[in-house]
Amino acid sequence: WDLHSCWDDLKLWLKHRKNITRFATVGDKRWQEWMTKASGIVMDETKFFERSQVDQAWSWLRNGS
């Protein structure tokens, strides 16, 4: 993660925000989990998953479960 990638993510979100209904982050750092929760300010459904839970993240994105 760096400032440039954060800016790119923000631009992507602003362009497509009407089409994005939920957002998942897969990672292994506490700050990544915190940032995912903080993004709930601008997005209704956000969830953090550990790296070992990547399949669950995809399932949640597709089905909400």
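A few notes on this one:
- Restricting the range 27-45 to residues that are open to solvent by less than 40 Å² (accessible area, probe 1.4 Å), under 18 Å from Leu14 (Cα atoms) and touching a strand residue (DSSP E or B) at 6+ places or on another chain (Cβ under 8 Å), the residue that is modelled with the highest pLDDT is Thr36.
- Meets criteria (open to solvent by 80 Å² or more (accessible area, probe 1.4 Å) and not small (Gly, Ala, Ser)) for Phe23: yes
The values are calculated or read from the model by the stated rules, or taken from the named source; none is laboratory data. This structure is a prediction, so every number in the text was calculated from the model and none was measured. Neighbour counts run over all protein chains shown; Cβ positions are idealised from the backbone, glycine included. Just so you know, the surface numbers come from the protein's heavy atoms only, side chains and all, with ligands and any DNA or RNA stripped out. Shrake-Rupley method; radii C 1.70, N 1.55, O 1.52, S 1.80 Å.
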